[in-house]
Amino acid sequence: MELKKTPKADLEPKKNTFWLIGLVVALGISLLAFEWTTKPSKANDLGAVQVAEVEEEIIPITREQEVKPPPPPPPPQVVEVLNIVDDDVEIEDELKIEDSEADDETIIDVAPVIETADEEEEEEAQVFFIVEDMPEFPGETLHCVNISPMLSAIL
């Protein structure tokens, strides 16, 4: 740093004093701001209360119209015609009732299940793996040094 013309013009020795004066001024302004109060002015009049007239709305009463269901249709007239037939006549519209009970001699045919080769190859993903080799760090193999003999010699 260049020397000044006079030692009075050099401000370097007074730098700490100016810094402390700045701190005191900032602290004084903040304390003044916290202590600053304003008093509310007196209210001479509370003001007039204005009442607005509310018109009452008359809501007309509405009722839902009753919908009567249509009258049910008359029941169909069933006319039973009985054909009286002699015992000698063959009836072609006889119902054939087959015996559906199974016994020991009943044979049931079941289609065989055919397995394809694709289903045999498909296996579930293995979740658990057995690790036979210890894992190693990639790169150089690090050898651990047994330091217990060194510690016993020091102690």
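The values are calculated or read from the model by the stated rules, or taken from the named source; none is laboratory data. For clarity, every value in this text was computed on a predicted model and none was experimentally measured. Glycine also receives a Cβ, built like all others from the backbone with ideal geometry; neighbour counts cover every protein chain displayed. Just so you know, the surface numbers come from the protein's heavy atoms only, side chains and all, with ligands and any DNA or RNA stripped out. Shrake-Rupley method; radii C 1.70, N 1.55, O 1.52, S 1.80 Å.
Checked against the criterion of being among the polar types (S, T, N, Q), open to solvent by 100 Å² or more (accessible area, probe 1.4 Å) and without any contact (Cβ under 8 Å) to a residue 24 or more places away in the chain, the candidates THR38, THR6 yield just one match: THR38. For the subset of the range 41-70 comprising residues that are open to solvent by 100 Å² or more (accessible area, probe 1.4 Å) and among the aliphatic types (A, V, I, L, M), which member is modelled with the lowest pLDDT? Out of the qualifying residues, it is LEU46.
Each row is one residue, and each column tells you yes or no for (1) modelled with pLDDT under 80; (2) open to solvent by 100 Å² or more (accessible area, probe 1.4 Å); (3) under 43 Å from the mean Cα position of the chain (by Cα).
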position	(1), (2), (3)
PRO73	no, yes, no
VAL79	no, yes, no
GLU90	yes, yes, no
ASP93	yes, yes, no
GLU115	yes, yes, no
ASP118	yes, yes, yes
PHE128	yes, yes, yes
GLU136	yes, yes, yes
LEU142	yes, yes, no
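Give the range 30-47 a look and list any residue that's assigned to a helix (DSSP H, G or I) and within 52 Å of the chain's Cα centre (by Cα), or say none. Those that are assigned to a helix (DSSP H, G or I) and within 52 Å of the chain's Cα centre (by Cα): SER30, LEU31, ALA33, PHE34, GLU35.
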